[in-house]
Each structure stands twice: as C-alpha cells, then as structure tokens.
Amino acid sequence: DVSFQRKGVNLIVDSNAAPAELKSAYVFQQGVFAYGDKDYPGAEKKMLEAYNMGYRGSSVEVQISNTYRLQNNFGEAINWLRKAIDATKAAGGVPEKQWYAQAANYAAKMKDKNEILFWGKEMIKVDPRPETYHDAIFQYQSIADLDNLESLAMLRLARKAKAIMFEHEYKQYVEYADARRYPAEVVAVLDEGFAKGTISKSNMTFSEIYTSAKTRIPELSGSWAADEKAALADPKGYSAMLTGDALLSFNQFDRAKAMYEAAVAKGSIVDRDGVNQTDRALTNLAIAKINLGDLAGAKADLAKVSSPKRKGIAEYWTIFIDQQLAKPAA
C-alpha cells in the first residue's frame with residue numbers, strides 16, 4: 001500500500017523520530033514517491049535534499065539526473081551523471097556503460113559541441129564496439145561544422161572501426177571522397193557496402209558513382225612517379241601533401257607517408273585560399289602510419305594537431321590507436 005508507506009515516511013521525517021543517520025534515506029524515499037507521481041520538480045528537490053544530507057544509496061546521482069532529464073534540463077542531467085561516474089570510480093567500482101551513452105545522448109539534444117566531443121570520446125573508451133563508434137562519430141560529425149575533407153577523416157575512422165552501418169552514410173562517404181578525386185577509395189568503400197548488403201548495385205546512384213570511379217583509377221594511378229618527383233622539387237609543402245593525399249586514397253601507404261613527411265619538413269602547407277593545411281597533413285600522415293602498423297608514430301603525429309576541428313578528429317583517432325596498442329600481440 002504505497003499511500004500508507006508514504007504516510008509513514010512523511011510522519012517519520014516530520015516528527016524527527018528517525019535517527020539522524022537514517023533520516024536522509026527517508027527524505028530520499030519521499031523523492032522516490034514524488035518521482036512515481038511524475039512530480040519531477042518535487043522529486044528533484046527531495047533527492048537533492050537527501051544527497052546534501054549525506055545520502056549515497058540507490059545510485060542517487062543517477063536518480064537525480066533522471067529528474068533533470070524529465071524536466072528537459074539536459075545540462076544538469078549530464079552533471080549528475082558525471083557525479084555518478086566519479087563517485088563509482090572513487091569507490092573502486094566500474095561505472096555503467098549506459099551512463100556514458102546517456103550523457104552523450106543528452107549532449108546531442110543540447111547540440112553542445114564540446115559536450116558531444118567529450119562524451120563521445122568517453123563512450124568509445126569504455127565501450128569500443130562498432131555501434132558505439134558509430135554513434136560517437138556521426139553525432140560529432142553532424143554538429144562539428146566540418147568541411148568535406150575533415151568529415152572524410154572521421155569517416156575513415158568509422159570505416160576502420162567497422163562503424164559505417166547505413167546507406168546514407170555510404171552516400172556521405174563517397175560524396176566526401178569524390179570519385180573524381182579519390183576513385184580507388186570510393187570503389188573500395190562501395191565494394192565493402194555491397195558485400196555487407198547495406199547498399200545495392202541496383203541503386204542507380206551507387207552504380208553510376210562506382211562506374212565513374214572505376215574509369216578514373218587508371219588515369220590517376222599512371223602519374224604517381226611524376227607527381228612525386230615534382231612535389232619533392234617544389235620548395236613548398238602543399239604539393240607534396242596533395243600527392244600524399246592521392247597516394248593514401250590508393251592504399252599506397254609507404255609512398256603517402258614519404259610525401260607527408262616531405263610536406264611537413266618543407267612547411268608552407270598553405271592552400272590557394274591561404275589556409276594552413278599542416279594539420280590535414282599530420283592527420284593523414286598518422287592514418288598512413290596506422291595502416292603501416294606504426295601506431296606509436298601515428299599517435300605522436302596526432303598529438304601535434306592544434307586547430308580546433310582537426311584536434312577533435314585527432315582525439316578520436318588517438319583513442320582508436322590506444323585501443324589497438326592495448327590489444328595483446330597476436
């Protein structure tokens with residue numbers, strides 16, 4: 001009889017009959033009753049009162065977070081999930097994986113770029129499944145105002161983590177890679193999607209892009225040696241980076257690495273709009289090294305990335321590297 005329980009709890013709290021060390025639990029129970037009544041402001045008030053009296057049972061921080069969530073106060077909901085995580089760690093426990101996912105979800109509702117980046121990273125650290133990588137990468141990419149090549153760097157990570165799961169994500173990948181620019185990568189990605197059954201060759205958009213990319217491959221791959229020679233002769237690093245980008249897309253990782261290293265050594269990696277592309281070169285150098293098995297070298301390159309958008313991308317890639325380094329040797 002919940003109403004009878006409620007009367008008993010209220011009488012105990014109001015009469016001060018409960019021992020001081022137990023009173024906070026009764027106040028918390030008042031919050032639970034309010035929560036059951038969908039009186040979320042009342043539940044918040046009582047649970048906070050109990051918490052401030054020293055109550056720490058029943059995952060109180062998560063319960064308080066839920067009262068804020070149900071009032072659409074996602075900022076405070078995140079703050080209390082953070083308290084739950086910190087308290088659990090301090091007690092020697094392991095926080096629930098779902099708490100990180102919930103915080104990431106609330107951050108997405110707030111469209112808070114910093115919180116989305118933070119909780120996306122935390123989420124994949126504790127739960128590095130393809131599905132988790134998928135949610136973290138695509139949530140961040142959707143709000144981070146990345147250009148096509150910055151988005152491509154994130155999609156390359158999604159591909160590495162086996163986190164490309166839906167048709168529209170394959171469309172996004174081939175759009176950003178561009179069959180005219182990186183045709184071999186476009187073909188490889190579409191082949192993976194066809195093999196998984198996520199996309200179909202009967203889709204005219206995919207089949208046309210696939211055919212166009214296939215046609216471009218011989219044309220672009222025939223000029224590598226000349227491109228490398230010209231890039232190395234150029235006193236500025238930009239052309240070496242562009243040559244590295246082309247080689248990277250063809251899985252020519254050794255040759256791409258050499259071009260990126262030359263670009264970084266030369267400096268002056270500035271595009272025609274006057275934008276410094278050093279961080280792009282460093283990111284792609286790291287990706288080449290990851291594919292060559294030089295994880296420590298890749299991590300060192302990513303640590304040098306400093307521009308805000310590229311830094312966020314580098315942080316995701318660094319977590320992926322750390323997870324590969326932590327795997328036992330085969």
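Each value in this text was obtained by applying a stated rule to the coordinates, not by laboratory testing. Everything numeric here is computed off the predicted structure, so don't read it as measured data. Cβ: placed from backbone, ideal geometry, glycine included. Neighbour counts: every protein chain shown.
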Phi-based couplings in Hz for the range 291-301 (Karplus 6.51, -1.76, 1.60; Gly and Pro marked x): 5, 8, x, 8, 5, 5, x, 5, 5, 5, 5
Can you tell me how much longer the chain between residue 129 and residue 236 gets when fully stretched, taken as 0.36 nm per residue apart minus their C-alpha distance, in nm with one decimal? 34.4 nm
Considering the convex hull of the alpha carbon atoms of the chain, report its projected area averaged over all viewing directions, in nm², one decimal. 22.3 nm²
Using helices alone, what [θ] at 222 nm do you get for the chain, with -39,500 (n - 2.57) per DSSP H run of 4 or more residues, divided over all residues and rounded to the nearest 500? -24000 deg cm²/dmol
Order these peptides, 265-275, 188-198, 246-256, by their mean beta-carbon neighbour count within 10 angstrom, highest first. 246-256, 188-198, 265-275
Would you mind computing, in nm to one decimal, how far apart the modelled labels at residue 273 and residue 94 are, each placed 7 Å from Cα along Cα→Cβ? 4.6 nm
With the chain treated as a Gaussian network of Cα nodes joined by springs under 10 Å, which of 216, 159, 310 yields the largest mean-square fluctuation? 216
Rounded to the nearest 0.05, FRET efficiency between residue 251 and residue 76 (Cβ-Cβ, R0 45 Å) equals 0.40
What is the gain in length, in nm to one decimal, between residue 324 and residue 292 on full extension, counting 0.36 nm per residue of separation less the C-alpha to C-alpha distance? 10.2 nm
Positive-end residue of 183, 140, 98, charge dipole of the range 73-230 with Cβ unit charges: 98
Most to least packed among 17-26, 126-135 [average Cβ atoms within 10 Å]: 126-135, 17-26
